[in-house]
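The values are calculated or read from the model by the stated rules, or taken from the named source; none is laboratory data. No experiment lies behind these values; they were computed from the predicted model shown. Quick reminder, even Gly has a Cβ in these numbers, built from the backbone with ideal geometry, and neighbours come from all protein chains shown. Quick note on the areas: whole protein, heavy atoms, side chains included, nothing else; ligands and nucleic acids left out. Shrake-Rupley method; radii C 1.70, N 1.55, O 1.52, S 1.80 Å.
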Amino acid sequence: MSGEIEEDDERRRQRKLEEALEVKSLRRIISAYLNYPEAAEEDVRRYERSFKKLPPSHKALLSHYPLKFQHLRRCISTNSYFIFSMLQAFEPPLDMSHDVDGCEDPHLENFEHEHCHSEGRNASSCQSASTSGSMCCFNHAQACSQERSCVMSNPTAQEVQGEHQHVPISGSSAGEVENNKEISECCGNDVTDCNGNMFSSSHDWLDPSLQLNVPLVDVDKVRCIIRNIVRDWAAEGKKERDQCYKPILEELNALFPSRSKESPPACLVPGAGLGRLALEISCLGFISQGNEFSYYMMICSSFLLNHTETTGQWTIYPWIHSNCNSRSDNDQLRPVSIPDIPPASAGITEGFSMCGGDFVEVYNDSSQIGVWDAVVTCFFIDTAHNIIEYIEIISRILKEGGVWINFGPLLYHFADMYGQEDEMSIELSLEDVKKIAFNYGFELEKEQTVETTYTTNPRSMMQNHYHAAFWTMRKKKTCTT
């Protein structure tokens with residue numbers, strides 16, 4: 001009996017430690033968003049310091065620069081207003097009043113070291129928690145010089161999601177939005193615009209006293225999210241969506257020509273990011289579920305899917321954070337309106353949801369065996385530590401005769417994790433990936449190479465292009481005698 005009591009106590013202690021780490025990690029992500037205005041302002045101050053060092057004759061050639069700096073600050077304020085509105089709408093799945101710093105359990109530091117994995121990605125902010133709530137940390141060391149690496153990387157961040165959650169899209173409104181508000185400062189639980197007007201927040205966890213000082217690489221992820229919004233939810237991102245999403249949607253439409261409204265086919269979209277592809281699949285007449293393990297992504301996708309109701313409801317300035325490869329100041333400072341379509345009125349099929357959690361942890365469960373008619377992976381399979389495990393799970397969760405549509409490169413996200421010798425990374429050639437898929441019962445029906453970009457500024461002088469593998473494979477039906 002005493003042994004059972006000790007076991008229960010150990011489980012409770014473990015849960016307490018897990019919750020403490022989850023809250024700490026979520027606070028860090030929220031703090032990265034809240035630190036965006038000051039980090040962006042520091043960039044402008046750096047530009048100004050460099051400008052002041054110029055000799056007078058050179059300054060005279062750039063007499064418009066002081067006005068550009070003012071314009072940059074207005075753009076930063078507009079982005080900050082969008083970010084804070086997004087955070088106000090966010091409902092954390094954890095008790096954010098949990099006193100992480102006050103947790104004096106001597107095992108906390110060891111627990112964090114033992115249970116957190118340092119994981120690096122080149123494509124998306126990757127953070128996940130298992131279905132048991134245990135924390136997985138992701139450390140992404142790749143530089144942001146590559147567009148895709150910047151969007152999904154989590155350098156040195158400790159991030160987590162709690163029990164995986166299914167979040168159905170709703171028709172709720174964010175209310176009347178004033179995109180021209182210029183937010184420059186967070187004070188207490190309030191936001192102040194440039195005229196000193198206060199916008200109150202009801203969330204105690206947004207109190208600056210709980211805000212953490214986070215590394216600049218964490219704020220870089222926020223900038224990357226802003227660019228990713230363009231890819232998924234702006235008219236300017238249509239070219240990339242047509243390159244990546246359109247072939248997938250056309251293939252699904254051709255493979256399931258007689259979809260029933262009463263019993264729609266079910267499609268899973270791992271690595272769903274900000275949710276546009278999963279939503280488009282739902283609008284085709286599928287029960288669509290997006291799976292995403294990054295809280296950076298989930299906070300933003302929840303806001304866009306559930307709290308926008310009109311086209312162009314928000315304005316952001318996604319390209320202001322780099323002076324490199326700009327053809328003109330107007331290109332760099334141009335506004336982008338979002339969303340290009342209001343998600344709540346897009347014509348979704350009942351059952352559309354976003355599921356937060358690690359793909360392996362959530363879907364490597366007996367309840368998922370043979371559930372899905374289709375699995376769509378777009379810029380996803382190279383996010384694995386072990387790509388064979390991904391393929392095995394995809395095969396397991398598909399129904400017999402189900403289809404796997406894949407689109408993307410093989411830019412393995414845990415490759416070149418210098419200084420982390422124990423970091424597992426299985427980096428297969430495309431040929432080997434297909435051989436592994438055949439081993440798990442897949443037959444290749446269609447294959448081609450598609451040239452595409454990833455969150456690239458279409459007006460930039462530098463364009464990174466991928467020659468993405470696009471295939472359709474079908475899971476063989478078991479022969480019966």
Computed curve, region 376-450, Cα-only Debye sum without solvent term, log₁₀ I(q)/I(0) at 0.11, 0.16, 0.23, 0.25 Å⁻¹, is -0.29, -0.60, -1.13, -1.30
Which order, highest average first, do 55-61, 273-279 follow once you tally other Cβ atoms within 10 Å for each residue and take the mean per peptide? 273-279, 55-61
If we restrict to alpha carbons, what Rg and Dmax does region 205-279 come to, in Å? 18.2, 56
Could you let me know the centre-to-centre spacing of region 382-448 and region 288-330, using Cα atoms, in angstrom? 28
Can you tell me which of 35-41, 357-363 comes out highest on packing, and rank the rest after it, using the mean Cβ neighbours within 10 Å? 357-363, 35-41
Applying the Karplus parametrisation 6.51 cos²θ - 1.76 cosθ + 1.60 with θ = phi - 60° to the phi angles of region 308-320, what ³J(HN,Hα) value in whole Hz is obtained for each residue in order, glycine and proline being reported as x? 10, 10, 10, 5, x, 5, 10, 10, 10, 10, x, 9, 7
Area projected by the alpha carbon convex hull of region 328-393, averaged over all directions, nm²: 7.9
Taking the Kirkwood radius as the inverse of the mean 1/r across Cα pairs, report the Rg/Rh of region 327-481. 1.03
How far apart, in nanometres, would the label points at Ser337 and Glu431 be if each is projected 7 angstrom from Cα along the Cα-to-Cβ direction? 5.1
Over 19 Å (Cα to Cα) among Lys435/Lys475; Lys246/Lys399; Lys16/Lys221; Lys238/Lys434 -> Lys246/Lys399; Lys16/Lys221; Lys238/Lys434
Once phi is turned into ³J(HN,Hα) by the Karplus curve 6.51 cos²θ - 1.76 cosθ + 1.60 with θ = phi - 60°, what whole-Hz value does each residue of region 9-25 show in order, with x for glycine and proline? 4, 5, 5, 5, 5, 4, 5, 4, 5, 4, 5, 4, 5, 5, 5, 4, 5
Net charge, Lys238 excluded, C-beta distance under 11 Å - Lys, Arg +1, Asp, Glu -1: 0
In Å², what does the accessible area per residue of region 327-481 work out to with a 1.4 Å probe? 46
Calc'd 3J(HN,Hα), region 292-302, phi into Karplus 6.51 cos²θ - 1.76 cosθ + 1.60 (θ = phi - 60°), Hz, glycine/Pro = x, comes to 9, 10, 9, 5, 4, 6, 5, 4, 6, 5, 4
Output needed for region 3-76: three equivalent-ellipsoid semi-axes, defined as square roots of 5 times the C-alpha gyration tensor eigenvalues, in descending order, whole Å. 54, 11, 4
